[in-house]
Every structure is written in structure tokens, then in C-alpha cells.
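Here's the structure we're looking at; comments come further down.
Bear in mind that the values in this text are calculations on the coordinates, not laboratory data. In this text the structure is predicted, and so the values were computed from the model without any measurement. Backbone-built Cβ (ideal geometry, glycine too); neighbour counts: all protein chains shown.
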Amino acid sequence: MAWVLRAGRWWGEVMLHAKRSNPPSQKYELTEDGRALTTFSLGRGGTGTRFTLHGVDHLVRSHRFSGVYELLDADGTVVATTDRVRRSWSMTCSGRVVTFRRTAAADREYTMLGGDGEPVGTIRRTGHIRSEATADLPGLEPALQVFVLVVVLLRRRRKRGAAGVRSAFLPGG
């Protein structure tokens with residue numbers, strides 16, 4: 001693990017990497033510093049997904065029309081929730097609020113902001129046809145890091161689906 005000085009504090013840098021196992025599918029393999037961590041699938045409808053992390057099952061649930069996401073543990077207890085995911089959005093967990101801001105067009109990159117408003121982490125969609133994503137989110141528990149990464153991928157899938165529906169109803173579309 002590499003140590004990095006950010007916002008006057010040393011952080012252990014752990015990089016998450018999500019990659020589609022087969023690009024036409026929506027199944028992702030998630031690794032942490034090159035080691036297999038978990039898998040998840042963004043099934044049809046983009047309403048959420050399940051993943052198991054360190055033997056604990058989690059559910060990411062999307063509220064289709066509001067753009068709000070929740071992370072639930074195996075008992076169905078809400079662990080974290082987002083407000084409506086837009087250019088700027090926040091995640092609330094254990095009384096803590098973490099803010100994110102889009103820093104690149106087409107939802108390609110979001111920056112996690114520290115308490116002072118300075119950037120402390122990033123989530124980037126990368127790879128061929130944006131089939132990969134990386135997350136560097138120091139200070140967040142592993143389940144919350146996976147949650148944020150899944151939220152960004154679900155958000156993009158949701159926006160692409162909405163664009164397809166709109167174009168079907170436009171003249172000449």
C-alpha cells in the first residue's frame with residue numbers, strides 16, 4: 001500500500017477497479033489493487049445490484065424516478081443513501097455527509113470533496129466504450145467505496161437508457 005499526503009493528512013491509497021467481464025454484458029468484476037474483491041451485475045432496468053464483500057451481502061437499490069440510491073446490508077438496514085445524483089451530489093452514512101462533484105463531461109469523472117471543499121478522491125469511467133471504472137476514495141469504508149462506484153455506473157446506465165427513449169420519440173429518431 002502506498003501512502004499519500006492529501007489535505008494535510010496521510011492516506012493509505014487503495015484503488016478499486018471495475019471491469020466488465022464481457023463488454024456486451026453488464027457483469028462487472030471488481031478488484032482492489034489487482035486482487036479480486038467481488039462481482040456485481042447491472043441488470044436490465046438499472047434499478048440496482050447486489051454484491052458480497054468480505055462475506056457480507058449488500059444491496060444497492062435505486063429509486064427509479066427520484067435518482068436516489070441506497071446501500072442496504074444483509075438485514076435490509078439502510079447503511080448509506082445519496083441525494084439525487086446530478087452534477088453535485090452527496091452520500092450520507094453514519095451521520096457523515098460526503099460530497100461529490102462531476103469534473104468531466106458525460107459523467108466520466110466525479111471528485112470526492114473533503115470537509116474543506118478540496119478534492120480528496122476520484123471516480124473515473126475508463127476503458128474501451130467506457131466498460132471500466134476506477135475509484136480512489138480514501139477515508140471511506142470498502143463497502144461505501146463499492147457503493148459509490150456502483151452508483152456512478154448505474155447513473156450512467158440510467159442516463160443512456162433515458163436518452164434512448166427520448167430519441168425514439170423525436171422526429172426522425
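Sorting check: for 64-76, 139-151, which peptide has the highest mean count of neighbouring beta carbons within 10 Å, and how do the rest follow?
139-151, 64-76
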Discussion item. Taking θ = phi - 60°, what integer Hz values does the Karplus form 6.51 cos²θ - 1.76 cosθ + 1.60 yield along the stretch 55-72, in sequence order, with x for Gly and Pro?
Written reply: x, 10, 7, 9, 10, 9, 10, 10, 8, 3, 8, 8, x, 9, 10, 10, 10, 10
Response to the item:
Amide H neighbours of Thr103 at under 5 Å, excluding residues fewer than 5 places away on the same chain, with H built from the backbone geometry, are Glu109, Tyr110, Thr111
Worksheet item: Which ³J(HN,Hα) values in Hz, rounded to whole numbers, follow from the phi angles of the stretch 145-153 under the Karplus curve 6.51 cos²θ - 1.76 cosθ + 1.60, where θ = phi - 60° and Gly and Pro get x?
Response: 5, 5, 4, 4, 4, 5, 4, 4, 5
Response to the item:
Counting only residues 5 or more apart in sequence or on a different chain, those whose built amide H sits under 5 Å from that of Ser41 are Tyr28, Arg50
Practice prompt. Could you run the Karplus curve 6.51 cos²θ - 1.76 cosθ + 1.60 with θ = phi - 60° over the stretch 133-141 and give me ³J(HN,Hα) per residue in whole Hz, x for Gly and Pro?
Written response: 8, 10, 9, 10, 10, x, x, 9, 4
